[in-house]
Amino acid sequence: MGLRLSRWMAAAVAGQKEDGDEDADLDAPFDVSGGSSSSSAEDPRIAAALATLRRAAATVPGLLAWGRHAEAHQALLPCLQSLEEVGDLLKVEMTVLRILIFPTLFAVHQLGPSQQLQLQLAFDASGLASVVASKATAKPELLGEFRGLLSEVLRFVAAVWFFTPALANQRLDNNRFVLRLCATLAEHDGFEKELLSALAFCCVSTASAQIWVARHFSSDVLLAFSYGEAREVGTTQVLAPMLLHQCHVPSTMTMLQRVLLFINAWEQKFDDDAAMADIWLRAAVGLQHAHAGVALTPAACLISFFLGRASRARKLESDKLESLQGVLAWLRTGLQFRTRSSEDIILRGFVASTAGALLASGQPSRALVDVAEAAMTFVCEVILPPSLMGRTAGEVQQHYYSPEGRFLTGAAETLARCVSELSPSEQSSLVLGPLESLCRRWSEGWDIHAASLVGQTGGILYRYGTSALLFMASVLRQVVDWEEELGTDALLHFLRALSFVDAFREVMDHEHAAICTRLAQVGAGRPGFADGLFWSLWEAHHRLPAAGSGAPPPEAALRTLHFLLGAVAVEELIVCDAFFPAVWPVVVACVRRSCEGGAWKSDAVPLAVRAHSLANVAFKIAGTAGRSALVKDYMSASAESFRAAPDEQVARVLVAAAGAISSDVAKRREQKENTTADDALVSWAMGCLSGAVLQCLEASPPEVGAAEGLFQAFAAVARFHEPASLPGVLYGACQLRAMLQRHEPLRGLWLSALIGGFAETARPELLRLLLDDFPDAAAAFDDATSAASADPALSRRGALGWLGLLRSAL
C-alpha cells in the first residue's frame, strides 16, 4: 500500500495521472519549503499558519505511506485553522494543497471500514477541500487559478465516498464539509452539477445522517434534490419518506426551526414543482397511517407546505384528495388542540398559514375558526411579537432572519381569506380585533422604547416590524371586500389598526388615504361606528402629555391622532349628531398645542394644520348655525396660539377655516335664513382677529409675522360680512385704519383681499376709504397689479379693471 500511495502522491504533486512517470525518485523528500512572501513575513500570524501547512505537507505523506495514520491525523488537525488564517489562498503553494488533500483521501479509501481513523482522516481531507473551495470561489481570478484543482478534488472525493459505505453511513455532522464543498461549487459554472447532487445525496440518504438533529444542520442538504436524477424526482422518492419519518416525533424548538429552515430554502430554490410535491404527499399518506392519532409534529409543517404548493398549482384532483383525507383529518385535529408552548404556536400557525384554505374547505365553521385563530396567534406571538422592542440588536437581527419569521405572506393571505368567510363577531374576535391590538402594542411600545431604539436595533425594528404591519394591512384591504364582507365592529377594528400602523408610514400615498376615507364613509352609515371612531380620536389625544407639561410628545401617538383627525373629515361623519360634542374639544386642543415650544415645536405644527383643515371641512359641511360657542372657542384658540407661534402652513389653513365661517353665514343670508346671531358671530370673529393683530403690532418688538397671518384670516372673515354695515364695522370696532397705519405691508394684503373676492356692492366704498387714508400706496398697487396679472382667477373677477381705475385716480 505504501508504494502505491507514494506513486499516486508523486503523480498528484506533478499534476499528472496515477500512471505517470514511474522512474521518478518517488522516495525523495518533498520540497515544500517555498519562500515566504514579504507580506506574510510582515504578519507573524500568517507566517506561522503557512509554516504549519508546510510542516504538515512535509510529514503527512510519509506517515500515511507507512501506516502511521494516527500521527498523520494529529499533523492534519491544525491545518484547517491555519488555512483559514492565511486569508489569501495565493500565499499557499498549490503543491502543499495537493499533498495535504489527495494522499489523505487515498489513504481513507484504503483503510478498513471499521477503523475510526478512516472517518477522522476523511473529515480532515474534506475540511481542507471545503476551505480551499470557499476561498477560491470568493474571487473570479482565484477561481480561474484553482478550477483545475477543485475539479480533481470533487471527482476524488466523490469516488472515495461512493465506494466507501462507512463514509456515507454516518452522522451529517461528520459530512458537513462535503456538503459545504458541494454547495460552494454548485454556485459556479464549470463543475459537474449531477456529480455534486449525487455526492450530496450520498451524505444525506442514510438513516444514520439524522439530518434534523445534526449539530451543524445546514440547508445545503437541498443540493441532494437539485440536479441530475434528483431533479427528475428520482432521489426525492428515497429522501422524502426518510425525512418525514425522522421529524415525525414530538416537537422540539431546534428540530422545528430546522424543518422551517429547510422549507424556506426549498421555497427559494425550487419552483412549484407538482411532481415533487406529489412525492412528498404520497410519503405523508404512508406516514399518517403508520402513526395515527399522534399530535402535530414537525412533519406537519413539511406536509402542509407541500399541500399548499399542490393546491396553488391546482394539482390536487379528487382522487388525490381522497387519498389524503387521513392526513387532512390529522392536521385539522391538531389545530384544535391549543397549548401556550412556543413549539405548538409555531406548528399550528405554520400549518394554518400554508394549508389553511384547503383544511377549511368544505368543513364546518369550526375548522375555519381553528385556522384563523392559529394563523393570527402565529403572527402576533411569533412573527411580529411586540416584545422585540425590548431586545438587543443581536436578538432582533436573529429574529429578523429566523425561518419562522419569513412566512408572513402566507399567514396574511390565509387570514384575509378567513375574514371573508367568518361571521361578523368572529371577524372581530379572531382577526381584526387581535390585529388592532397588535398594531396598538407596536405603536405604544415604540413610544416607550423610543429612546433606546436607535442605531442598528431601531433600524432593524423599523424595517421589519413596520413593513410587516403595513403588509398585513395591505393584504387585508386588497383581498377582502370590506364594504360588503366586514361587519361594523370589524370595520372599526380595521380602521383603528390602520391608525396605529400609520405611525410608521413614511409617506402618505393617495391610494392609502382614499382607502381610509372610504372605510370611514362605509362605516358612518352603520350604527355604533361613528361613536367608536370618535372615542378612538379622544383616546389618541388622551395619550399625549398634558398641555404645558413640557413632556416630550410620543411620536406614534401623535401620528395616530393625526391620522384620525383626517379619518373623521368625511361628510357622513361630520353630519352625525355626536360629531361636534365628541370631536370639537380635540380640534381646539390641537390648535392650542401649536404654540407649545420645546420638544413639541416640530410636531405641533402638522397636528395644528390637520386640526384647522378638519375645522374648515366641518364648517363647510355642517355650517355654523347654532354653534356660535364652538366657533368662538376655535377662533379664540386660533388667534392666541398663532400669535405665540406663527407659521406659514398654519396661516394658510387658518385663513381657509376663517373664510368658511363667514361664507356659511353669507350663504344663509342669501337664502334669507340667517339670524341676528349669525351676523353678530361674524362681527365677533372680526373683532377677535383684529384685536390679536393690534396686540401683535403693539408688542415690543412688533410681532409682524403673526400680525400678517392673523390679518389675512381677518380679511377672509370680513370678505363675507353683510356689505351695508361692513365699512362701519371695519373702521369702527375693528380699527382697520390703525392696523394699516402701524404696518405698511398690511395695506398690500388688504388691497389683494379687496380685489380678490369682496362683494361688488362693498368693494368701491372700501377702496375709496383706502385711497383716502393712504394716497401714497402706489407701490403696493403696482405689486398687486403684478400679482393679479399672474392670477387668472383674479382676472376673471375683474381685478385688473379695479386696479386700472385706482391707478387713474392716483
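Numerical summary
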item	result
Selection within the stretch 537-549 - modelled with pLDDT of 90 or more and either more than 31 Å from the chain's Cα centre (by Cα) or under 16 Å from Thr517 (Cβ atoms) (or both)	Leu537
Criterion (closer than 25 Å to Met276 by Cβ and of a type outside the set (S, T, N, Q)) met by exactly one of Ala357, Ala367	Ala357
Residues that are under 18 Å from Gln115 (Cα atoms) and of a type in the set (Lys, Arg), drawn from the stretch 55-97	Arg68
Residue check, Ser387 surrounded by fewer than 21 Cβ atoms within 10 Å (Cβ to Cβ) and under 24 Å from the mean Cα position of the chain (by Cα)	yes
Members of the stretch 336-381 that are outside any helix (DSSP H, G or I) and not basic (Lys, Arg)	Phe337, Thr339, Ser341, Ser361, Gly362, Gln363, Pro364
Some residue of the stretch 52-74 being under 48 Å from the mean Cα position of the chain (by Cα) and open to solvent by 10 Å² or more (accessible area, probe 1.4 Å)	no
Filter result for the condition that a residue is within 21 Å of Asp344 (Cβ to Cβ) and in contact (Cβ under 8 Å) with a residue 40 or more places away in the chain, over Arg406, Arg441, Arg417	Arg406
Yes/no for Glu673 being out of contact with any Lys or Arg (no Cβ under 9 Å at 6 or more places or on another chain), of a type in the set (D, E, K, R) and open to solvent by 50 Å² or more (accessible area, probe 1.4 Å)	no
Residues of the stretch 67-104 classified as part of a helix (DSSP H, G or I) and free of Cβ contacts under 8 Å to residues at least 60 places away in the same chain, total	26
Failed condition for Leu172, given (1) surrounded by fewer than 20 Cβ atoms within 10 Å (Cβ to Cβ); (2) within 39 Å of the chain's Cα centre (by Cα)	(1)
Pair list, Cβ < 7 Å and 6+ apart or interchain, from the stretch 620-649 residues that are touching a residue at least 24 places away in the same chain (Cβ under 8 Å) to residues that are open to solvent by 50 Å² or more (accessible area, probe 1.4 Å) and assigned to a helix (DSSP H, G or I)	Ile621/Glu571; Ser628/Ala677; Lys632/Trp684; Ala637/Arg592; Ser641/Arg592; Arg643/Gln695
Flag if Glu85 is of a type in the set (D, E, K, R), open to solvent by 10 Å² or more (accessible area, probe 1.4 Å) and more than 45 Å from the chain's Cα centre (by Cα)	no
Among (1) open to solvent by less than 10 Å² (accessible area, probe 1.4 Å); (2) more than 19 Å from the chain's Cα centre (by Cα) - the single one Ser365 does not satisfy	(1)
Single residue of the stretch 715-738 satisfying the filter (assigned to a helix (DSSP H, G or I) and touching a Phe, Trp or Tyr at 6+ places or on another chain (Cβ under 9 Å)) that is surrounded by the most Cβ atoms within 10 Å (Cβ to Cβ)	Ala718
Filter result for the condition that a residue is touching a residue at least 40 places away in the same chain (Cβ under 8 Å), of a type outside the set (Val, Ile, Thr) and under 27 Å from Glu71 (Cβ atoms), over Phe162, Phe123, Phe217	Phe123
Members of the stretch 418-432 that are crowded, with 21+ Cβ neighbours inside 10 Å and in contact with a helix residue (DSSP H, G or I) (Cβ under 6 Å, 6 or more places away or on another chain)	Cys418, Val419, Gln427, Ser428, Leu430, Val431, Leu432
Leu347, sole failed condition from (1) buried (at least 19 other Cβ atoms within 10 Å of the Cβ); (2) under 18 Å from the mean Cα position of the chain (by Cα)	(2)
Selection from the stretch 99-116 of residues that are open to solvent by 30 Å² or more (accessible area, probe 1.4 Å) and within 51 Å of the chain's Cα centre (by Cα)	Gln116
One residue from Leu154, Leu196, Leu142 being open to solvent by less than 20 Å² (accessible area, probe 1.4 Å) and either modelled with pLDDT of 90 or more or not in a helix (DSSP H, G or I) (or both)	Leu154
Matching helices (runs of 4 or more DSSP H) fully within the stretch 441-518 where at least 3 residues are modelled with pLDDT under 70 and not small (Gly, Ala, Ser)	455-461, 467-479
Qualifying residue in the stretch 648-666 (condition: more than 47 Å from the chain's Cα centre (by Cα), open to solvent by 40 Å² or more (accessible area, probe 1.4 Å) and not β-branched (Val, Ile, Thr))	no
Meets criteria (in contact with a His (Cβ under 8 Å, 6 or more places away or on another chain) and buried (at least 24 other Cβ atoms within 10 Å of the Cβ)) for Ser638	yes
Residue within the stretch 357-371 that is polar (S, T, N, Q) and closer than 25 Å to Trp266 by Cα present	no
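The values are calculated or read from the model by the stated rules, or taken from the named source; none is laboratory data. Values in this document were obtained by computation on a predicted structure and should not be read as measured data. Don't worry about glycine lacking a Cβ; one is built from the backbone with ideal geometry, like all the others, and counts go over all protein chains shown. Note: areas computed on protein heavy atoms with side chains; ligands, DNA, RNA excluded. Shrake-Rupley method; radii C 1.70, N 1.55, O 1.52, S 1.80 Å.
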